[in-house]
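The values are calculated or read from the model by the stated rules, or taken from the named source; none is laboratory data. This one's a predicted model, so the numbers in the text were calculated from it and none came from an experiment. In this analysis, Cβ positions are derived from the backbone assuming ideal geometry, glycine residues included, and neighbour counts consider all displayed protein chains.
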Amino acid sequence: MIKTKELAEEIDRDWMALMIEAKKMGISKEIVREFLNQNDIREAICKNPSTT
């Protein structure tokens, strides 16, 4: 079983990788934030926070 701290660190690494890729593609953090704040996206993330 993965400990909570290890899981948080793994998720942080994944989010950092996603944000770096978005930046390389010219997608601003504001656009990412707006996308994530959409109700359907937020609900999907909250229901299944780790799909790995």
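A few points about this structure:
- Elements of type helices (runs of 4 or more DSSP H) in the chain, at least 1 residues being surrounded by 11 or more Cβ atoms within 10 Å (Cβ to Cβ) and modelled with pLDDT of 80 or more: 4-24, 29-36
- Residues that are among the acidic types (Asp, Glu) and under 13 Å from the mean Cα position of the chain (by Cα) within the range 26-42 comprise just one, Glu34.
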